[in-house]
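Right, one structure below, let's go through it.
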């Protein structure tokens with residue numbers, strides 16, 4: 001076998017390995033890992049939850065049905081990813097114009113010990129009013145995390161008197177029936193994101 005042929009085979013092998021890894025991650029995220037009859041599909045993401053919104057009112061998955069909506073997990077003390085994502089969601093809502101009233105976005109706390117309804121209401125003042133927040137007792141938050149296959153873990157600071165939260169940063173697109181569609185990309189123009197979301201109105 002020539003050196004060139006060996007190089008081509010190595011490139012193909014590397015490509016196939018990368019493809020297999022990508023598919024494995026995608027299938028795990030969408031709940032299709034394992035295949036076969038009766039394997040859970042994309043609907044394995046999402047489901048019933050009962051939390052408290054920023055006004056102290058109960059909010060459930062049923063309240064969001066009837067329109068497509070976005071779900072994002074984070075926390076108010078998040079230094080970068082969470083505020084950046086909520087800013088992008090706000091820009092998307094702005095780009096939707098009147099259609100923003102026909103959809104919605106839910107920001108679910110992974111840090112309920114600090115994220116009280118009052119804290120979340122104050123935090124949301126910086127973002128579009130179509131964004132709602134949800135918090136609650138730790139068991140209720142963990143149930144929502146499990147339903148959406150969200151990873152969240154407390155990370156103590158070096159000083160030991162504070163902590164951050166390591167967490168999944170996906171934005172979930174749910175359809176009018178509350179079923180998971182796909183991860184929703186905000187890494188494009190607000191107009192392009194709005195055009196994509198309008199397909200589900």
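Which of (1) touching a strand residue (DSSP E or B) at 6+ places or on another chain (Cβ under 6 Å); (2) closer than 22 Å to residue 60 by Cβ is the odd one out, the single condition residue 154 does not satisfy?
Every condition holds for residue 154 apart from (2).
Just to be sure, is residue 73 surrounded by 22 or more Cβ atoms within 10 Å (Cβ to Cβ) and either part of a helix (DSSP H, G or I) or in contact with a helix residue (DSSP H, G or I) (Cβ under 8 Å, 6 or more places away or on another chain) (or both)? Lay out the reasoning, then the answer.
Values: surrounded by 22 or more Cβ atoms within 10 Å (Cβ to Cβ): yes; either part of a helix (DSSP H, G or I) or in contact with a helix residue (DSSP H, G or I) (Cβ under 8 Å, 6 or more places away or on another chain) (or both): yes.
In short, yes.
From the set of residues in region 120-135 that are assigned to a loop (DSSP other than H, G, I, E, B) and touching a helix residue (DSSP H, G or I) at 6+ places or on another chain (Cβ under 8 Å), which is farthest from residue 178 (Cα to Cα)? Write out each step before concluding.
From region 120-135, those assigned to a loop (DSSP other than H, G, I, E, B) are 125-130; that's our starting set.
Narrowing further to those that are touching a helix residue (DSSP H, G or I) at 6+ places or on another chain (Cβ under 8 Å): 126-128, 130.
On the way: 126: 27, 127: 24, 128: 22, 130: 17 Å.
Only one residue tops the list, namely 126.
Looking only at region 157-175, which residues are part of a loop (DSSP other than H, G, I, E, B) and either modelled with pLDDT under 95 or touching a helix residue (DSSP H, G or I) at 6+ places or on another chain (Cβ under 9 Å) (or both)? Quick ask: steps written out before the conclusion?
Initially, region 157-175 is screened for residues part of a loop (DSSP other than H, G, I, E, B), giving 157-162, 168-170, 175.
The answer is 157, 158, 159, 160, 161, 162, 168, 169, 170.
So for region 139-153 (the condition being in a strand (DSSP E or B), more than 15 Å from the chain's Cα centre (by Cα), at pLDDT 95 or above and surrounded by fewer than 18 Cβ atoms within 10 Å (Cβ to Cβ)), does at least one residue qualify? Before the answer, list the steps.
Filtering region 139-153 down to residues in a strand (DSSP E or B) leaves 152-153.
Within this subset, residues satisfying the condition of being more than 15 Å from the chain's Cα centre (by Cα) are 153.
From what's left, at pLDDT 95 or above: 153.
Checking which are surrounded by fewer than 18 Cβ atoms within 10 Å (Cβ to Cβ) leaves us with 153.
Yes, some residue in region 139-153 is in a strand (DSSP E or B), more than 15 Å from the chain's Cα centre (by Cα), at pLDDT 95 or above and surrounded by fewer than 18 Cβ atoms within 10 Å (Cβ to Cβ).
For residue 161, state whether it is within 19 Å of residue 83 (Cα to Cα) and in the same structural domain as residue 60 (by TED's automatic domain parsing).
Details: within 19 Å of residue 83 (Cα to Cα): no; in the same structural domain as residue 60 (by TED's automatic domain parsing): yes.
For residue 161, the condition - within 19 Å of residue 83 (Cα to Cα) and in the same structural domain as residue 60 (by TED's automatic domain parsing) - is not met.
Which of (1) in contact (Cβ under 8 Å) with a residue 60 or more places away in the chain; (2) surrounded by 15 or more Cβ atoms within 10 Å (Cβ to Cβ); (3) more than 14 Å from residue 82 (Cα to Cα) does residue 130 not meet, given it meets every other one?
(1)
Within 27 Å of residue 197 (Cα to Cα) and without any contact (Cβ under 8 Å) to a residue 60 or more places away in the chain, is that true of residue 167? Spell out the reasoning first.
Details: within 27 Å of residue 197 (Cα to Cα): yes; without any contact (Cβ under 8 Å) to a residue 60 or more places away in the chain: no.
No, not satisfied.
Look through region 78-93, keep the residues that are part of a loop (DSSP other than H, G, I, E, B) and surrounded by fewer than 16 Cβ atoms within 10 Å (Cβ to Cβ), and return whichever of them is nearest to the chain's Cα centre (by Cα). Write out each step before concluding.
Of region 78-93, the ones part of a loop (DSSP other than H, G, I, E, B) are 78-80.
Restricting the remaining residues to those that are surrounded by fewer than 16 Cβ atoms within 10 Å (Cβ to Cβ) gives 79-80.
Numbers: 79: 17, 80: 15 Å.
Ranking the candidates gives 80 first.
Just to be sure, is residue 76 assigned by TED's automatic domain parsing to the domain that holds residue 175, at pLDDT 95 or above and over 21 Å from residue 128 (Cβ atoms)?
Values: assigned by TED's automatic domain parsing to the domain that holds residue 175: yes; at pLDDT 95 or above: yes; over 21 Å from residue 128 (Cβ atoms): no.
In short, no.
The values are calculated or read from the model by the stated rules, or taken from the named source; none is laboratory data. Fair warning: this is a prediction, and the values are worked out from it, not measured in the lab. Methodologically, a virtual Cβ is constructed for each residue, glycine included, from the backbone with ideal geometry; neighbour enumeration extends over all protein chains shown.
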